[in-house]
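A short write-up of the structure that comes next.
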Amino acid sequence: MGGLLEGINSPADVKKLDITELTELSDEIREYLIENVSKTGGHLASNLGVVELTLALHKVFNTPDDRIVWDVGHQSYVHKIITGRREKFCTLRQHEGIAGFPKRNESEHDCFDTGHSSTSISAALGFARARDIKDEKYEVIAVIGDGALTGGMAFEALNDAGRSTNKMIVILNDNEMSISKNVGGMSRYLSRIRTQPFYFKMREDVDQFLKKIPGVGKATARAITRTKGLIKYLVMPGIIFEELGFKYLGPIDGHNIQELVKVFSRAKLMKGPVFIHVCTQKGKGYSYAEEKPYAFHGVQPFEIETGEAKVESMPSFSNVFGEELVRLAGKEPRLVAITAAMRDGTGLVPFSTKYRNRFFDVGIAEQHAVTLAAGMAANGLVPVFAVYSTFLQRAFDQVLHDVAIQNLHVVFAVDRAGLIGDDGETHQGLFDLSFLRDIPNITILAPCDYCEFREMLDYAVLEHNGPIAIRYPRGAGQEKVIEEKPVKFGKGVKVRDGKDVSIVAVGTMVSIALKAADELSREGISAEVINARFCKPLDEKLIITSAAKTSRIVTIEDNSTVGGFGSGVIEVLNRTGLYPKVKLLGFPDKFIEHGARSKLYRKYGLDYETVVSEVKRIMRK
């Protein structure tokens, strides 16, 4: 490694460097980021864009006394490197290594755990109010991207913070990107500010001019202030942040350390809430990431020289979804697709290209997306909302209140359901079965392979009437695990006959169940395997018949066992008065850490070897 970076073990080491040295350190950090993330995978483009911003923050402010809250947190790699975690950075997102997001239990310099967007301003205001109530002295800084600023929670917090007297600093990292290209009115507003910075230079010039005139009276000052206000409204109508109550500084070059240090130092001296608008380039310093920042937002290990992934990517459930939705749109003219700033991640690029007027990216606003879909459905369209499981949590009330109560035909394509792996606790999709099962009127399906997935999408769009969710995992699956059968409402499929034990699996856990059944067969145990297909409603007749025959049931789900699929099976058995021996296999009542999925499945007993062991244990009882 060598160079200046080798001597950076804490923020105190950053403070010792002058501007020239910090600029040199920026280049070294970019090389270090590219070298390491190319091996571990992770969020690259966003971190390349905030190198100078992060260094300037630690040059001016004093963590852990001062509190920096990173919105989403995937752009905190540079912060981690210079706060004592440089030597562990090679373990990024690896099991028992450092996390890809801020973690309070990882470092005293991480003051707030984050992983979802639009939360930083609320949390920072909470810190500021607690500080003032306790009469403490430290700075509170929220760093939020322009993508996260499209989230409704960010506006709620801005509205509250702007009318308060609590001192806090909001830094807008404006790189014109979230994961996909930003959309909406706020994006256009920020674009106007970026392209018309002359008003802010004019305002500073007027301030400096006034200070140089001796004996300027109050009346004259008020008149000049009114003139400045008039100029503001003429040049830049609706300075929204100032109108909300913030002192606005910017826009400034987010790659100019000297300018950043100057503005941050100035903000420290101001009273009340301050808003600093910083413009950065996502992916800066690595040509492939600069050209395709969306592709290098979250990456798998890649070749630095070519930017190509080290492992050839396989077709994923997201790809299959995107292709099938295009096909269905040709058959059903009422079909529309909705995403919350995840066009690329959910596989909707082909749809957005071919059916532009039927595609809606609402920004990072899952609550709005669901109720938008409800309004469309109430007026005769067939909306499909593609959303990651972990982000659907943010819109629970809208699913219940706006969709389910009215029994509207909205299709929820729940991507990244189940174990995610290296992004950790905030991104694991282990709760959607549990929280969706609680909602009346909703139907929930889970495909075991691509063929079944296509059948389920066809059913959900063309045949079903009412709220329906299809949950499917991250990454690649199998084309065909079982023989194709038409999807019929509430009907599962017995894929293997048996007499000793019933293994009832859902989604991609069916392949684990079949593999376990093969192994059990070699040991003389006859396992019946049921592909539930429907998580709600369950095929009660199929489950009861199997349980009555074998007297032993093992359920397998890629979800928390608390209120999940297995709980539903127990509810069915309880209603019938059958009391077979039951074992629920799934994730425990805890947040699951980051790490490779294969390791985590093994650790939490969802590999086929553990299934075999659990079946043999229930057989002995």
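Which numbered condition in (1) at positive phi; (2) surrounded by 17 or more Cβ atoms within 10 Å (Cβ to Cβ) is the only one that THR119 fails?
Looking at each condition in turn, THR119 falls short on (1).
For LEU408, are the conditions met, namely being assigned to a helix (DSSP H, G or I) and either surrounded by 21 or more Cβ atoms within 10 Å (Cβ to Cβ) or touching a Gly at 6+ places or on another chain (Cβ under 9 Å) (or both)?
In short, no.
Got a sec? Which of ARG394, ARG437, ARG416 is under 22 Å from GLY477 (Cβ atoms), outside the structural domain of TYR601 (by TED's automatic domain parsing) and among the charged types (D, E, K, R)?
So the residue among ARG394, ARG437, ARG416 that is under 22 Å from GLY477 (Cβ atoms), outside the structural domain of TYR601 (by TED's automatic domain parsing) and among the charged types (D, E, K, R) is ARG416.
If the requirement is being surrounded by fewer than 24 Cβ atoms within 10 Å (Cβ to Cβ), outside any loop (DSSP other than H, G, I, E, B), touching a residue at least 12 places away in the same chain (Cβ under 8 Å) and outside the structural domain of LYS103 (by TED's automatic domain parsing), which of these qualifies: GLU519, GLU479, GLU484?
Answer to the check: GLU519.
For the range 384-424, enumerate the residues that are at pLDDT 95 or above, over 11 Å from the mean Cα position of the chain (by Cα) and on the phi > 0 side of the Ramachandran plot.
ASN407, GLY418
So for the range 611-618 (the condition being under 30 Å from GLY41 (Cβ atoms), in a helix (DSSP H, G or I) and not acidic (Asp, Glu)), does at least one residue qualify? Give the derivation first.
So in the range 611-618, the residues under 30 Å from GLY41 (Cβ atoms) come out as 611.
If we keep only those that are in a helix (DSSP H, G or I) as well, we get 611.
Then drop every residue that is not not acidic (Asp, Glu), which leaves 611.
Within the range 611-618, one or more residues are under 30 Å from GLY41 (Cβ atoms), in a helix (DSSP H, G or I) and not acidic (Asp, Glu).
Answer yes or no: is there a residue in the range 316-326 that is outside the structural domain of TYR32 (by TED's automatic domain parsing) and free of Cβ contacts under 8 Å to residues at least 12 places away in the same chain.
Looking for residues that are outside the structural domain of TYR32 (by TED's automatic domain parsing) and free of Cβ contacts under 8 Å to residues at least 12 places away in the same chain, one finds none in the range 316-326, hence no.
Given the structure, is ALA99 outside the structural domain of ALA365 (by TED's automatic domain parsing), free of Cβ contacts under 8 Å to residues at least 12 places away in the same chain and aliphatic (A, V, I, L, M)? Break it down into steps so the answer makes sense when it comes.
Values: outside the structural domain of ALA365 (by TED's automatic domain parsing): yes; free of Cβ contacts under 8 Å to residues at least 12 places away in the same chain: no; aliphatic (A, V, I, L, M): yes.
So ALA99 does not fit the description; no.
Let me confirm something: among MET153, MET202, which residue is out of contact with any His (no Cβ under 8 Å at 6 or more places or on another chain), modelled with pLDDT under 95 and either hydroxyl-bearing (Ser, Thr, Tyr) or within 27 Å of VAL387 (Cβ to Cβ) (or both)? Please lay out each step first, then the result.
Values: MET202 fails: either hydroxyl-bearing (Ser, Thr, Tyr) or within 27 Å of VAL387 (Cβ to Cβ) (or both).
Testing whether each residue is out of contact with any His (no Cβ under 8 Å at 6 or more places or on another chain), modelled with pLDDT under 95 and either hydroxyl-bearing (Ser, Thr, Tyr) or within 27 Å of VAL387 (Cβ to Cβ) (or both) leaves just MET153.
When you look at GLY307, is it touching a His at 6+ places or on another chain (Cβ under 6 Å) and either within 30 Å of GLU242 (Cα to Cα) or outside the structural domain of ALA378 (by TED's automatic domain parsing) (or both), yes or no?
no
Go through HIS43, HIS79 for me and flag whichever is within 20 Å of GLU593 (Cα to Cα), crowded, with 24+ Cβ neighbours inside 10 Å and assigned by TED's automatic domain parsing to the domain that holds HIS255.
Of HIS43, HIS79, the one residue that is within 20 Å of GLU593 (Cα to Cα), crowded, with 24+ Cβ neighbours inside 10 Å and assigned by TED's automatic domain parsing to the domain that holds HIS255 is HIS43.
Looking at (1) touching a strand residue (DSSP E or B) at 6+ places or on another chain (Cβ under 6 Å); (2) under 17 Å from ARG416 (Cα atoms), find the lone condition where THR443 falls short.
Only one criterion is unmet by THR443, namely (2).
Closer than 23 Å to ASN47 by Cα and crowded, with 19+ Cβ neighbours inside 10 Å - does that describe any residue in the range 328-341?
Yes, the conditions are met somewhere in the range 328-341.
Okay, residues lined up against (1) touching a strand residue (DSSP E or B) at 6+ places or on another chain (Cβ under 6 Å); (2) under 25 Å from ARG620 (Cα atoms); (3) crowded, with 20+ Cβ neighbours inside 10 Å:
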residue: GLY524; (1), (2), (3): no, yes, no
residue: VAL529; (1), (2), (3): yes, yes, yes
residue: PRO537; (1), (2), (3): no, no, no
residue: ILE543; (1), (2), (3): no, yes, yes
residue: SER546; (1), (2), (3): yes, yes, yes
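If we scan the range 287-310, do we find a residue that is farther than 28 Å from ILE144 by Cα and under 23 Å from the mean Cα position of the chain (by Cα)?
Pass one, the range 287-310, residues farther than 28 Å from ILE144 by Cα: 303-306, 308-310.
Keeping just the survivors that are under 23 Å from the mean Cα position of the chain (by Cα) gives 309.
The answer is yes, given that some residue of the range 287-310 is farther than 28 Å from ILE144 by Cα and under 23 Å from the mean Cα position of the chain (by Cα).
How many residues, within the range 555-589, are in contact with a strand residue (DSSP E or B) (Cβ under 9 Å, 6 or more places away or on another chain) and either among the hydrophobic types (A, V, I, L, M, F, W, C) or not in a helix (DSSP H, G or I) (or both)?
Adding up the residues that qualify gives 23.
Residue under question is GLU31, and the condition is that it be charged (D, E, K, R), at negative phi, buried (at least 21 other Cβ atoms within 10 Å of the Cβ) and in a helix (DSSP H, G or I); does it hold?
no
Residue pairs, Cβ under 9 Å, 6 or more apart or interchain, first in the range 280-297 and crowded, with 21+ Cβ neighbours inside 10 Å, second polar (S, T, N, Q) and assigned to a helix (DSSP H, G or I). List them.
LYS282/SER46; GLY283/SER46; PRO293/SER46; PHE296/SER46; HIS297/SER46
Do we find that GLY507 is touching a Cys at 6+ places or on another chain (Cβ under 7 Å), part of a loop (DSSP other than H, G, I, E, B) and of a type in the set (Gly, Ala, Ser) in this structure?
yes
Could you please find all residues in the range 95-118 being of a type in the set (Val, Ile, Thr) and under 26 Å from ALA395 (Cα atoms)? It would help to see each step written out before you state the result.
As a first pass, look at the range 95-118 and keep what is of a type in the set (Val, Ile, Thr): 98, 114.
If the condition is that a residue be of a type in the set (Val, Ile, Thr) and under 26 Å from ALA395 (Cα atoms), then THR114 is the only one that fits.
Go over the candidates ARG552, ARG533 one by one and state the one that is crowded, with 17+ Cβ neighbours inside 10 Å and either among the acidic types (Asp, Glu) or in contact with a Lys or Arg (Cβ under 6 Å, 6 or more places away or on another chain) (or both).
ARG552
Can GLY380 be described as of a type outside the set (A, V, I, L, M, F, W, C), at pLDDT below 95 and outside any helix (DSSP H, G or I)?
Details: of a type outside the set (A, V, I, L, M, F, W, C): yes; at pLDDT below 95: no; outside any helix (DSSP H, G or I): yes.
No.
Which of (1) hydroxyl-bearing (Ser, Thr, Tyr); (2) under 26 Å from PHE431 (Cα atoms); (3) more than 37 Å from the chain's Cα centre (by Cα) does SER567 not meet, given it meets every other one?
(3)
Have a look at LEU5, LEU22 and point out the one that is in a helix (DSSP H, G or I) and crowded, with 21+ Cβ neighbours inside 10 Å.
Only one candidate passes the filter, namely LEU22.
The values are calculated or read from the model by the stated rules, or taken from the named source; none is laboratory data. All values derive from a computational prediction rather than experimental measurement. FYI the Cβ positions are ideal-geometry reconstructions off the backbone, even for glycines, and counts take in every protein chain you see.
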